[in-house]
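I have placed the structure first, in the form of structure tokens, so that the comments after it can refer back to it.
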Amino acid sequence: MRIEQKVSDPDLLDRARRFEEDALAEIFDCYHAGLYRYALRLLGDAELAKECMSETFSRFLHALRRGGGPEDYLQAYLYRIAHNWITDYYRSKTPPSLPLDPELRSDPADDPPQAAARNLELQQIRSALALLTPDQRQVITLKYLEEWENEAIARSLNKPVGAVKALQHRAIESLRRLLNGNPRGKVEEI
């Protein structure tokens with residue numbers, strides 16, 4: 001299970017608001033890898049994931065400069081910025097066909113027909129995830145790929161835990177319909 005290091009220093013955000021380099025570096029060091037993984041999973045493109053991560057920290061710094069930013073729950077705040085960037089990206093473009101991550105490729109010792117079937121299945125799952133609503137996609141990604149607890153997801157989405165559970169249930173049902181080829185596979189909004 002991946003658990004990111006949590007920034008626990010209570011005055012870290014105050015120091016970041018004063019633009020102390022060591023505080024900003026600590027925040028970046030703690031969260032950049034997780035934000036990159038999150039963006040890569042949702043975007044399927046390393047360059048776009050880097051752009052998303054960069055823009056997330058840029059927006060965070062702009063918020064601090066304007067006197068805004070999070071009072072607490074820095075991780076949820078940063079992931080929300082990344083989620084909004086990804087949502088804006090998908091709204092502005094038709095989602096491309098997402099390639100498989102290099103780490104998901106099969107072992108050369110695998111049977112080629114089995115490897116091809118597994119790769120096809122992963123592509124179908126990615127395509128189905130792209131058809132979910134942005135909030136559903138974020139809940140599934142954070143819950144099952146990043147292994148977050150529902151409470152952390154709720155903070156990130158700024159929704160009650162019950163709403164997160166409902167989004168998760170609807171997303172799983174939509175994925176089931178989409179992957180089973182159900183003609184009613186239309187994704188439901190909340």
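The numbers here are math on the coordinates, done by the rules we state, and not lab data. Remember, predicted model here, so these are calculated numbers, not experimental data. All Cβ positions, glycine included, derive from the backbone under ideal geometry; neighbour counts span all protein chains shown.
Between A63 and A25, the contour length at 0.36 nm per residue exceeds the Cα-Cα span by 12.0 nm.
Taking 0.36 nm per residue of separation and subtracting the Cα-Cα distance, what length does fully extending H169 through A33 add? Mind dumping the intermediate values first?
Numbers: separation 136, 0.36 × 136 = 48.96 nm, distance 2.82 nm.
Between H169 and A33, full extension yields an extra 46.1 nm.
Report the far tail of the P(r) of the stretch 7-96, meaning the percent of Cα-Cα pairs longer than 19 Å.
On the way: 1491 of 4005 pairs.
Result: 37 percent of Cα pairs exceed 19 Å.
Can you list the GluC sites (Glu not before Pro) in the stretch 47-80 that are in a DSSP coil and have 12 or fewer other beta carbons within 10 angstrom?
Numbers: sites: E47, E51, E55, E71; in loops: E71.
Sites meeting the loop and neighbour criteria: E71.
Normalising the average separation of contacting C-alpha pairs (under 8 angstrom, six or more residues apart) by the number of residues puts the relative contact order of the stretch 7-96 at 26 percent. Placing dummy labels 7 Å off each Cα toward the beta-carbon, the span from E151 to K93 is 3.8 nm.
Let's test the formula: R0 of 25 Å, r as the Cβ-Cβ distance of N180 and A115. What FRET efficiency results, to the nearest 0.05? Can you show the working numbers first?
On the way: r = 23 Å, r/R0 = 0.92.
According to the calculation, E is roughly 0.60.
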